[in-house]
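Trainee: The structure that follows is given in the form of C-alpha cells.
The values are calculated or read from the model by the stated rules, or taken from the named source; none is laboratory data. All of these numbers come straight from a predicted model, not from anything done at the bench. Cβ: placed from backbone, ideal geometry, glycine included. Neighbour counts: every protein chain shown.
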Amino acid sequence: MILPRLAMATVYNRSIMTATTAAERSAPSAGDVQASRPLDRTAWRALLAAACGWLFDGYETYALILVGAAAIRELVPPDQLVQLPLYFGGLVAVTLVGWATGGLVGGVLTDYLGRRRMLMLAVLCYAVFTGMSALAHTYWMLLIFRFLTGLGLGGEFCPGAALVSELWPPARRGRAAGALASAFGFGSLLAAGLWFLVGTVGDGSWRYLFVIGILPALVVFWMRRGVADPVVWVATDRRRQAARQAARAGRSLSEEERRLTRFTVLDLFASGELRRRTLLLLMMALSTIVGYWAVSTWIPQYATQVATRAGFGADGWGARAGLVYSAGGIVGYLALGFMADAWGRKPSIAFFFAGSLVVGAAPFLVSTNLPVFLAVVALNGFFTTGQFAWLAMYPPEVYPTAVRGTGTAVVFNSARYVAALGPLAAGWLVESVGGIARAAVMMSAIYLLGLIVTPFAAPETRGRPLPD
C-alpha cells in the first residue's frame, strides 16, 4: 500500500511541478489570457470604471465649449470682447496643452504604477481643478485652472483604454471600446442638457457647470475596491521588477529583460516597427483631434448666429446644438465599435475619416434654416466625434503590454500639442477670412491626412489577441 501511494504522490507532485513550470514560462501572455477569458464581472467593472471617468471627461470638456464665451464676457473687460474668438481659442488651447502633458505622463505611469491606480489619480486631479475653475475671478486665473484640469483629463484616457483592452475578449473588444468612447459623448450630452437648464439663470451661471464637475471624485472610492489591475499587466510588472533586480545584481540580461528595464518611451522608439507604427498612428490622431478642436467646437457659437438670422433669437440655441451634436457623436462611437468588429479596424476608421471630410464644414454652410442646420450637426457629430472611438480601440491593440499605456499616450497626447494650435489658428482665421464658415471649410481639410495614412498604419487587429 505504501509503494502505490508513494508512486501516486510522485506522479502528482511531478504534474504540479510541470504545470507550475509551464505557467511560469508563459505566465500569462496577453494572447493566452484573452483567448480563454470569458466575459465576466471583472471585464464589466473595468468598462464601468473607465466609462465613469470618460463620462466626466466628456462633460468637463464640452462644458468649456458651452460656457467659454459666457465666462470670457464676465472675466474680460468689455473693450476687449471684440477679440472673444482669440480668448476662447486660448482657453481651449491651454486645456489641450494640459491634456497632452497629463496624458503623456499618465500614459507612462500607467505602465509603471498600474491601470487602476493611475485611473484613480487622474480622476481626482481633474475633479479638483474643475471645481477650482468655478472660483476663477480673472481670465488668467481660469487659464491656469484649465491647464491643471487638462492634466487630469489627459491622464485618465490611457489607463481606461488599457483596462478595457486587456480585460475584454478579442471578438468583442471593438464594441467595448466603442461603448467606452460613447461615455465621453454621454458626458457631453449631460453638459449640454445642464447648460440648457442653468444657462439662463443669470450672471455667473457658467460656474455651476464647473461645480458639478467635482462629483467624479466620489467614483474613486468605488474604483479602489471594485476594480483590479489586469493579470497581464501584473505579470509584466513582475517580470520588469525581476529584470531590474537582475540588473542590479550584475547578471547578464536577455533581450526581453533589457527591454523591460529600458524607459518605456525609449523602448517605444528603439524598435523600428514600433517607431513606424507610432508615427503613422500619430498622423491619424492629428487628423482626428485637430479636426474636432479647430472645426466642430465652433458649432454652439455658430448655432446662435443661425438662430438669430432665422428670427428665433440666440437664447438656448448653442445648448440645443450641443445636445444634437453629442447625440450624433454617441451613435457614431457605438457604430464605429460594431463596424470595427464586423469589418475590421482600418476600413471602419477610413470610413469615418471620409465622412468627416465630407460633413466637417457642412453645418457652417447653412445660414438660416434651423432644421437643416440641426440635422447636419447630428451628422457632423456622428463622424467627427464618433471617430474618436478608434483611439480607445486601435493603439492599445498594436503595442505590447509593457509599453501599452506609453504607446497609446504618445499617439493620443502628442497630437494634442499640435492640436492646441488648431483653435488658435481657427480663431485667427475667423477674424481674418470673415467668419466661422470660411475658416471651418479650410480647417476641415485636415481629415484628408487621416484618410490617406490609415491604409499604411499598423496591422489589422480585428479578432486578434493583444501582443505580449
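Trainee: Name the residues in segment 231-258 that are under 24 Å from residue 167 (Cα atoms) and among the basic types (Lys, Arg), would you?
Mentor: Once the filter is applied, which keeps residues that are under 24 Å from residue 167 (Cα atoms) and among the basic types (Lys, Arg), segment 231-258 yields 238, 239, 240.
Trainee: Another question, then. When you go through 76, 92, 82, 108 one by one, which is the residue that is modelled with pLDDT of 90 or more, β-branched (Val, Ile, Thr) and either over 20 Å from residue 57 (Cβ atoms) or buried (at least 21 other Cβ atoms within 10 Å of the Cβ) (or both)?
Mentor: When all the criteria are applied, what remains is 108.
Trainee: Looking at 403, 411, 377, 453 in this structure, which one is crowded, with 19+ Cβ neighbours inside 10 Å, in contact with a Gly (Cβ under 8 Å, 6 or more places away or on another chain), at pLDDT 90 or above and of a type outside the set (S, T, N, Q)? Let's see the steps before the verdict.
Mentor: Working: 403 fails: in contact with a Gly (Cβ under 8 Å, 6 or more places away or on another chain); 411 fails: in contact with a Gly (Cβ under 8 Å, 6 or more places away or on another chain); 453 fails: in contact with a Gly (Cβ under 8 Å, 6 or more places away or on another chain).
Answer to the check: 377.
Trainee: For segment 158-173, check the following and say yes or no: at least one residue is part of a helix (DSSP H, G or I), surrounded by fewer than 23 Cβ atoms within 10 Å (Cβ to Cβ) and of a type in the set (A, V, I, L, M, F, W, C).
Mentor: yes
Trainee: Please go through (1) surrounded by fewer than 24 Cβ atoms within 10 Å (Cβ to Cβ); (2) in a helix (DSSP H, G or I) for residue 118 and return the number of the only condition it doesn't satisfy.
Mentor: (1)
Trainee: Then there's this: Considering only residues that are surrounded by 24 or more Cβ atoms within 10 Å (Cβ to Cβ) and either among the β-branched types (Val, Ile, Thr) or within 20 Å of residue 45 (Cβ to Cβ) (or both), look in segment 124-154 and name the one that is modelled with the highest pLDDT.
Mentor: Residue satisfying both the conditions and the ranking: 149.
Trainee: In segment 320-341, which residues are among the small types (Gly, Ala, Ser), modelled with pLDDT under 95 and surrounded by fewer than 23 Cβ atoms within 10 Å (Cβ to Cβ)? Let's see the steps before the verdict.
Mentor: Here is the first cut: in segment 320-341, the ones among the small types (Gly, Ala, Ser) are 321-322, 326-329, 332, 335, 337, 340.
When the remaining residues are screened for being modelled with pLDDT under 95, the result is 321-322, 326-329.
Once the filter is applied, which keeps residues that are among the small types (Gly, Ala, Ser), modelled with pLDDT under 95 and surrounded by fewer than 23 Cβ atoms within 10 Å (Cβ to Cβ), segment 320-341 yields only 327.
Trainee: Hey, can you tell me all the residues within segment 328-351 that are among the small types (Gly, Ala, Ser) and either out of contact with any Phe, Trp or Tyr (no Cβ under 9 Å at 6 or more places or on another chain) or over 30 Å from residue 285 (Cα atoms) (or both)? Before the answer, list the steps.
Mentor: Going through segment 328-351, the residues among the small types (Gly, Ala, Ser) turn out to be 328-329, 332, 335, 337, 340, 342, 344, 348, 350.
Scanning segment 328-351 gives 337, 342, 344, 350.
Trainee: Another one. Looking only at segment 195-232, count every residue that is in a loop (DSSP other than H, G, I, E, B) and either farther than 21 Å from residue 76 by Cα or β-branched (Val, Ile, Thr) (or both) and tell me the total.
Mentor: Taking segment 195-232 first, the residues in a loop (DSSP other than H, G, I, E, B) are 199-205, 213-214, 227-230.
Still in the list and also either farther than 21 Å from residue 76 by Cα or β-branched (Val, Ile, Thr) (or both): 200-201, 213-214, 227-230.
Counting residues in segment 195-232 that are in a loop (DSSP other than H, G, I, E, B) and either farther than 21 Å from residue 76 by Cα or β-branched (Val, Ile, Thr) (or both) gives 8.
Trainee: Inspect all residues belonging to segment 349-365 and state whether any of them is under 14 Å from residue 463 (Cβ atoms) and either in contact (Cβ under 8 Å) with a residue 40 or more places away in the chain or surrounded by fewer than 24 Cβ atoms within 10 Å (Cβ to Cβ) (or both). So that I can check it myself, show each step before the final result.
Mentor: Our first condition is that a residue be under 14 Å from residue 463 (Cβ atoms); within segment 349-365, this holds for none.
No, there is no match, as no residue in segment 349-365 is under 14 Å from residue 463 (Cβ atoms) and either in contact (Cβ under 8 Å) with a residue 40 or more places away in the chain or surrounded by fewer than 24 Cβ atoms within 10 Å (Cβ to Cβ) (or both).
Trainee: So, in segment 211-243, of the ones that are surrounded by 14 or more Cβ atoms within 10 Å (Cβ to Cβ) and of a type in the set (D, E, K, R), which residue ends up nearest to residue 45 (Cα to Cα)?
Mentor: Only one residue fits best here, namely 229.
Trainee: If residue 241 passes every condition in (1) polar (S, T, N, Q); (2) over 22 Å from residue 336 (Cα atoms); (3) touching a Lys or Arg at 6+ places or on another chain (Cβ under 8 Å) but one, which one does it miss?
Mentor: (3)
Trainee: Go through segment 365-383 and give me each residue that's among the hydrophobic types (A, V, I, L, M, F, W, C) and under 18 Å from residue 329 (Cα atoms).
Mentor: The answer is 372, 373, 374, 375, 376, 377, 378, 379, 382, 383.
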